[in-house]
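The values are calculated or read from the model by the stated rules, or taken from the named source; none is laboratory data. Note that the structure is a prediction, hence the values are computed from the model and not measured. Note: ideal-geometry Cβ built from the backbone for every residue, glycine included; neighbour counts use all protein chains shown. With ligands, DNA and RNA removed, areas are computed over all heavy atoms of the protein, side chains included. Shrake-Rupley method; radii C 1.70, N 1.55, O 1.52, S 1.80 Å.
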Amino acid sequence: MTTFTMVFVILFFIFILQTVWLFIAELAGKDLDLIMIIKFLLFAMPRIIPLVLPLSVLLASIMTFGNLAENYEFAAMKSSGISLQRAMKSLTFFILLLSIVAFFFSNSVIPYAEYKFINFRKNIAQVKPALAIAEGQFSNVGFYNIKVNKKSGKNGNTLTGITIHKKSVLGDGSKTVIKAKNGELISSEKSSTLQLVLNDGYYYEDLVPKKYEDRNKIPFAKSSFKKYIINIDLSKLNSADVNDASITNTNTMLNISELNYTLDSLHKNLNTDIISFSENSNQRIGILRNNKIEPLKKNKKLPNDLLTLFNNNQKLEILKIANSNITSTLFSIDATKTELENKQKNINNHLLAFYDKFVIAFACFLMFFIGAPLGAIIRKGGLGLPIVFAVLIFISFHFINTFGKRISQEDELSPFMGAWMSSIILSPLAILLTYRATNDIGLINLDVFLAPFQKIFQKIFPSQN
């Protein structure tokens, strides 16, 4: 228990540092107070548990049983009639209890923390908009690069020495510079728009003539203002903010019951779209209408080439209509195909989130039955060789798990197989290690590999027998 707690704390601290490094752009240079940083880390901590917990179980079990084997305590147990299974019995119950706790944690705590984490990042500018603008440097804010010499006021909303570079929306190379002596940021938690009020400044704008030869003259327009208001979308304030796919992808914020309800709605929506598209496609079929059908009614026997029934003008009109219908249908098919694929990927993501809640519980159980017998076989404790084996096994587990999820998201593998792929592949390893440790067989039986070579050697040199 002590070893597990120590390993868990160390690994948790390492992964927290990694989280800080990943989001350093959102934390550094924005005058975040200590309370907001603590909230940020608290909301980010639960998402680390699915990585830290199985690795902690694996490393702690290798270290514990490696120490027992290294100090010949297993040999003493076996001489007293205590088998490896009996020695693992109490820890097995502990791991079973830990797996149950991990399941409820992933089903309740992680979705809530994920919801708070994403919304905290998304609304950080809405709570304190001045955080997006750092003193003495240009800050990327939507379509503007803003630099201020000094911020003051209660929330840093009062700005002094403002320089703004407006990005070219059309990409024509035009440049707009706005300078102001001072200004103020005005926002509301209920509003999706931030107002930047500028006072006593100038507005410079490059003019791009339509004629290329006139562009060398570099004309520009200059105007002054007493008060100028810029409206900025709050979603643009955080350059590292959640992208659209992450905002709509709420599968990580839902528990099992909510995922079941959402999946039912998503499947119904997908089936409805498929039926609707097929019906609309059937209605588009048929290019012969009105006066085009009349000639067909007068001819009981239809020729092989129906176009011979019409004159040249009618043929041209029919072919134009057919070409237009085919182009429209193909465009509709491509657009609908993309839309249906995106909806299927969304369903796959929700299914992966559903299975992940069970995978983390089984992963703790699996890592114990890999680590415990492996420690008994290698007979090494401490932080040396056990760390090497633990890292190699966990990297393999994590890589297979990530690979399975990726291909499942692209609908190239069922979400069930993608989520459980790592567990299915490593389960035979756990069974094999447990069997070998129970029967006192080493990690690799060299006799199996050397026996064929020994037979060959004996045939070549019979006198050596």
Failed item in (1) open to solvent by 20 Å² or more (accessible area, probe 1.4 Å); (2) in a helix (DSSP H, G or I), with ALA69 passing the rest: (1)
Number of positions in region 327-360 that are open to solvent by 20 Å² or more (accessible area, probe 1.4 Å), under 21 Å from the mean Cα position of the chain (by Cα) and of a type outside the set (D, E, K, R): 10
Number of the condition not met by ARG121 [criteria: (1) surrounded by 21 or more Cβ atoms within 10 Å (Cβ to Cβ); (2) modelled with pLDDT under 85; (3) farther than 23 Å from MET6 by Cα]: (1)
Residue check, LYS380 modelled with pLDDT under 85, surrounded by fewer than 11 Cβ atoms within 10 Å (Cβ to Cβ), more than 19 Å from LEU352 (Cα to Cα) and among the charged types (D, E, K, R): no
Test result for GLY171, of a type in the set (Gly, Ala, Ser), modelled with pLDDT under 85 and out of contact with any strand residue (DSSP E or B) (no Cβ under 9 Å at 6 or more places or on another chain): yes
